[in-house]
1. Give segment 111-134 a look and list any residue that's within 13 Å of the ligand (Cβ to nearest atom) and either in contact with a helix residue (DSSP H, G or I) (Cβ under 7 Å, 6 or more places away or on another chain) or closer than 22 Å to residue 243 by Cα (or both), or say none.
2. Just the residues that are more than 15 Å from the ligand (Cβ to nearest atom) and in contact (Cβ under 8 Å) with a residue 40 or more places away in the chain, please, taken from segment 170-194.
3. Give, as residue ranges, the helices (runs of 4 or more DSSP H) completely inside segment 321-437 that count at least 3 residues that are in contact with a strand residue (DSSP E or B) (Cβ under 8 Å, 6 or more places away or on another chain).
4. List the residue pairs whose Cβ atoms are under 7 Å apart, where the first residue sits in segment 361-375 and is free of Cβ contacts under 8 Å to residues at least 12 places away in the same chain, the second is outside any strand (DSSP E or B), and the two are 6 or more positions apart or on different chains.
5. Within segment 306-335, how many residues are farther than 24 Å from residue 437 by Cβ and crowded, with 18+ Cβ neighbours inside 10 Å?
6. Which is assigned by TED's automatic domain parsing to the domain that holds residue 330 and farther than 30 Å from residue 19 by Cβ, of 384, 419?
7. Pick from segment 144-169 the residues that are touching a residue at least 40 places away in the same chain (Cβ under 8 Å) and under 22 Å from the mean Cα position of the chain (by Cα): which of them is nearest to the ligand (Cβ to nearest atom)?
8. Residues in segment 43-59: is at least one part of a helix (DSSP H, G or I) and within 16 Å of the ligand (Cβ to nearest atom)?
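The values are calculated or read from the model by the stated rules, or taken from the named source; none is laboratory data. Just so it is clear, the structure is predicted and the values come from calculations on it, not from any experiment. So basically every Cβ, Gly included, is an ideal-geometry build from the backbone, and we count neighbours across all protein chains shown.
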Ligand code: COA
């Protein structure tokens, strides 16, 4: 029976993975066939090939926000016209930020800005040099409300550049196309700029805008060409003959940077997990009401499948313990049911230990929330939950979150939700998250409505109630989906469970090279 169930689970999971890989394929393509052909005809290299040239041979490339903006902008595929990710250049981990000029001229939509800023936040936190391959017409003008006026809009990209530069985190730009307005400020705010002769342009206003604004008629080359900027304005520092040459110069510039910092945490020989990681597909049911056996999942993820469990007999709806991932030590917090007062107390104690021992925290979130009801309230669950949140939020060790199942309400938040700025946050394709589950939301709203209707002395038939509930459920399901979280950048991406170990190993390596600040906990309500 179990074997049969496992097969059903695996078939369903592989369908989810097929959908994920299809979306990734669309992201990798960038613009339409026609725009890509136009780009190649201009003897320019496509964005992903540019990145490949920039990275060391065989370097990993951990992409952030791969599916950002999916389905949000007409005629724009997933990715929002920008590729961001971490890879090795001259054996130094760098943040690569690259416009895709085949997507609306590499212009910035709201999600493009959000993705660019997120890449910079990651780079700042991990002190990674940024190499920006600029090929952008600046703002996508119709979307100005989402890119221009607010904090974390276009200006934030400049602010992060300045902040990183002032902290000695290198900023290198390669100008590969016509960079207008905001697209010109990005390289102008970098430490060093490479520009391609005859292809790279930088100007605050292009020839048409200049003519409209001042009446001056000037061609692109004289207004902001590579020769002009390299010989006259001094805006750029290195003149390249073509895309390939420019990227080779950028690699040379990275070569001149100081070496990568050494890791500050110990790493032992990594060991494969006790069970194949692909067994996870077999363990997760397509029926979200069937709980996932968390301990079995941990055997598929952790080195040797081993964990020194902490308080295994107490608050057992949360599993906590010390383990290794790719040889790096981690403190694991993994849900195995609803959070009770005891599980919250245990989490608080465990997080305190990890902070004292400088152990990064790994949250594996699959939680319907905190327990509700009279017993729970009398037991002080609000104060225990507050302690958990205080500990998690105050912790200054690196934090990583993977949403491995349904992660709802305050449970989602306590398991290091996005607001608590985990170093990175990913979701598995089966992952879901919302304020509450679809059924609970529909039932809660129906109860409120029934109460109001009956207070007026009217009646509400079960059929009417169901007609009211169905669209709420549907809306909650669409909202909670991993793809929805990924396209809004509420997570850094969707991971095939089989990619989780490799991704976390890389992230732990990056985090180990940055000194942890000491943790100062907020007040723990007793
Ligand atoms: N806002 C909105 N849409 C823009 C845009 C902008 N700033 N710049 C370009 N686009 C759109 C074009 O309308 C076109 O859309 P379509 O595919 O639906 O026809 C698409 O992006 C590609 O532009 P196109 O001019 O055909 O491509 P190109 O590779 O020849 O040139 C640019 C790209 C960016 C150099 C050129 O479009 C340009 O100079 N744009 C104006 C840039 C500008 O003035 N920005 C000011 C921002 S404050």
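1. If we filter segment 111-134 for residues that are within 13 Å of the ligand (Cβ to nearest atom), which is where we start, we get 112-113, 134.
Within segment 111-134, 113, 134 qualify.
2. If we filter segment 170-194 for residues that are more than 15 Å from the ligand (Cβ to nearest atom), which is where we start, we get 170-174, 189-194.
Selection gives 170, 171, 172, 173, 174, 190, 192, 193, 194.
3. Details: elements: 341-356, 374-378, 381-394, 409-414.
Fully inside segment 321-437 and qualifying: 341-356, 381-394, 409-414.
4. none
5. Our first condition is that a residue be farther than 24 Å from residue 437 by Cβ; within segment 306-335, this holds for 306-314, 320-332.
Keeping just the survivors that are crowded, with 18+ Cβ neighbours inside 10 Å gives 307, 310-311, 320-326, 328-332.
Going through segment 306-335 one residue at a time, the tally reaches 15.
6. Details: 419 fails: farther than 30 Å from residue 19 by Cβ.
Answer to the check: 384.
7. Just the residues of segment 144-169 that are touching a residue at least 40 places away in the same chain (Cβ under 8 Å), to begin with: 153-154, 156-157, 160-161, 164, 167, 169.
After this cut, where a residue has to be under 22 Å from the mean Cα position of the chain (by Cα) as well, the list is 153-154, 156-157, 160-161, 164, 169.
Values: 153: 13, 154: 9, 156: 16, 157: 13, 160: 19, 161: 18, 164: 23, 169: 27 Å.
Taking the candidates together, the pick is 154.
8. Kept after step one, since they are part of a helix (DSSP H, G or I), are these residues of segment 43-59: 47-54.
In the following step, the residues that additionally are within 16 Å of the ligand (Cβ to nearest atom) were identified as 47, 50.
Yes.
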